[in-house]
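The structure under discussion appears below in the form of structure tokens.
The values are calculated or read from the model by the stated rules, or taken from the named source; none is laboratory data. Not measured: the values here are computed from a predicted model. Cβ atoms come from the backbone with ideal geometry, glycine included; neighbour counts cover every protein chain shown. Accessible surface areas use protein heavy atoms only, side chains included; no ligands, DNA or RNA. Shrake-Rupley method; radii C 1.70, N 1.55, O 1.52, S 1.80 Å.
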Amino acid sequence: AMVDAESGLSLTIARVVQRLRGSSLHSQLERQARVSLHKPEVKLESLKEDIKDFLKTSGWEKKLQNAVYSELNVFPSPCHPAAPPEHMKEPLAYMRKAQGSWEKRILKSLNSMCTELSIPLAQKRPVSEQKELLNKWNEMGTDEPDLTLFRPVYAPKDFLEVLMNLRNPNYENGEQPSFRNHLGLIQVPLKVKDIPELKEDFSELGLNIGQLGIDDSAQVPPEFFENEHVRVGQKVLTEQDSAAAQQYVRQGCPTALRADLWALILNISNQPEDILYYEQLKSNVIQHNLLVDSLIYKDVKLTASNDDYYFVFEDYLYQVLLCFSRDTSVLEHFAYSSATPPKSYIRGKLGIEEYAVFYPPSVLSHLNSLILAVAPLCFLYHEPSKLYQMFREMYVRFFFRLHSISSHPSGIVSLCLLFETLLQTHLPQLFHHLREIGAQPLRMSFKWMVRAFSGYLATDQLLLLWDRILGYNSLEILAVLAAAVFAFRAVNLMEVTSLAAAEAVLADLSTLKVMPLLQIFLFATVT
């Protein structure tokens, strides 16, 4: 095992080095090293050490550490060197197959829409249209195109149906001893955590630890904790250490520091080259019209204009999602996602200009969830290129897992299973009652999890929840919160006799306080 661990480590190191070699950080470090040669404290006889010291004192070593930390957080630990590449995406063949056929369905639906409306997937915009779009880039929301013919590719409940039909072919007829008594909708045997394991993982949420988002902790007077916590937060920002920031936000982010702390955790610094990259994506949007643009437009209109908090950000939502649909760097991420991006081509008049457009299908099937994922970030970032980078990084680290079929502990299949297992184990009466009246709990909680609770919780509460997603580098807390909501409303739910009545009890989550719910469920439930 030791040899394996060592070869795994050297594989990881090699991969991180390879990924950073082409980055702008690499060229900046080289430039800094050359600059240091002219410094009096750098001597020829101790050149290597002196340059290292210079990089340390000038803050460049910290930047390198954060970049390495960021790579390790995003990429999975490497498989065995002999493992085929698709195992890095998803080790279970039946999951890969299910994801593949789900993608085919989405593409089929897209293509048939193209045929029906006789619109190409992609075409170059006429110059007049390009100018017009450029002029109204910051107020796209004022446009009212007729989009009645465009229909959403899929709704969350279609996706849930797919997940409910997943089966592991190795266990015919569910003959699997430990799993046979699982009475939920998800019928695949993945290992999920129980409450003692979750308590250990989320130990910083314990009852005797100060938390932002808990107003009446018996142990620590909240204002005393808050002042101290803000002071520590400022220190973490001064240090510019991603790992320290990630640990810090587990107890919540002070509102004034949140935008900077999240950016530090995700290692987003909005350098000139990042701004340039965003501008390139924008010019791509302006030059080419994709079918997906109309879908984005329609979904933003439906989602944002019906939300009291988010409608003010309508223009930002268009900008971020239109650019995102053109962003090929997101494709790197498909190396470790079970999803694969399909391609469509635009051909110029002479057939010379070949411009490939990638449509990640999971993006298309969950536009509405993506809109809800961008919206909360608009409260924190007002500069378009920074907002864009933050969203892209959140997508590549977290949100894509909610929209694709995989066996990953933060993937949507595991979250559904974790939610059902927690309810069945800790609220068995409620679980059985809801099943008997035809109100399977997952049918009600699925939309919360797939949208990371955006659009359901009050914004301040949502941001406190997302603090913990970033802090623990995991989405498991979504399933825990979903179960905690059922526990909190259990008395009312025990009285309902129909799915509609159960849905009504759970219809409004906007008054909930996230942290007390999580704490009570994890640390005050008798296990």
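Compactness check for the chain: Cα Rg over 2.2 N^0.38 Å is 1.03. How much FRET efficiency would the formula 1/(1 + (r/R0)^6) give for V312 and K191, where r is the Cβ-Cβ distance and R0 is 35 Å, rounded to 0.05? Once the sixth-power term is evaluated, E becomes 0.25.
If the only charges are +1 at each Lys and Arg Cβ and -1 at each Asp and Glu Cβ, what is the size of the charge dipole of the chain around the Cα centre, to the nearest 20 debye? Mind dumping the intermediate values first?
Numbers: 51 positive and 60 negative charges, 263 e Å.
In total the dipole reaches around 1260 debye.
Taken one residue at a time, the phi angles of the stretch 500-510 give Karplus couplings (6.51, -1.76, 1.60, θ = phi - 60°) of 4, 5, 5, 4, 5, 5, 9, 5, 10, 9, 6 Hz. Gly and Pro are set to x. One chain, two ends: K104 and S58. Fully extended at 0.36 nm per residue, the span grows by 11.4 nm beyond their Cα-Cα distance.
Considering only protein heavy atoms and a 1.4 Å probe, what is the carbon-and-sulfur percentage of the accessible area of the stretch 1-78? Before the final figure, lay out the partial values.
Working: 3180 of 5350 Å².
So the carbon and sulfur contribution to the accessible surface is 59 percent.
Starting from the Cα of S46, step 7 Å toward the Cβ, then list every residue of the stretch 55-73 with an amide N under 20 Å from that point. Counting only backbone N, you get 55-61. A cut-off of 5 Å between modelled amide H atoms, ignoring neighbours fewer than 5 places along the same chain, links H288 with R125.
Distance from the C-alpha centroid of the stretch 262-331 to that of the stretch 483-512: 35 Å, rounded to the whole angstrom.
Site pair T425 and R15 shows an inter-label distance of 2.9 nm when each label is modelled 7 Å from Cα along Cα→Cβ. Can you list residues whose amide H is under 5 Å from A122's amide H, if they're 5+ apart or on another chain and H is modeled 1.01 Å from N? So A122 has HN proximity to L291. Across E436, E129, E49, the residue with the most accessible area heads the list, and the full order at a 1.4 Å probe is E436, E49, E129.
Note on S203 and E279: the model spin-label points, each 7 Å out from Cα along the C-beta direction, lie 4.9 nm apart. Judged by the gyration tensor of its Cα atoms, with axes a ≥ b ≥ c, the stretch 233-280 is prolate; a/c meets the 1.5 cut and a/b is the larger of a/b and b/c.
Applying a threshold of 22 Å to the alpha-carbon distances of K157/K282; K131/K386; K39/K235; K104/K301; K157/K386; K282/K386 flags K157/K282; K131/K386; K39/K235; K104/K301; K157/K386 as lying beyond it.
All Cα-Cα separations within the stretch 95-210 were binned at 10 Å from zero, giving a P(r) of 9, 21, 22, 18, 17, 11, 1, each value a whole percent of the pairs.
Remark: relative contact order (the stretch 1-78) = 40 percent; criterion is Cα-Cα distance under 8 angstrom and separation of 6 or more residues. What distance in nm separates the two pseudo spin-label positions at S7 and H26, each 7 Å out from Cα along the beta-carbon direction? Roughly 2.6 nm, to one decimal. Residues in the chain average 47 Å² of solvent-accessible surface per residue, probe 1.4 Å, ligands and nucleic acids excluded.
Can you tell me, using C-alpha contacts under 8 Å and at least 6 residues apart, the relative contact order of the chain as a whole percent? Present the calculation step by step, with values, prior to reporting the outcome.
Numbers: 614 pairs, mean separation 100.5, N = 527.
Relative contact order here is 19 percent.
Each 5 Å bin from 0 upward holds the following percent of the Cα-Cα pairs of the stretch 1-78: 3, 14, 20, 18, 16, 13, 9, 5, 2, 0.
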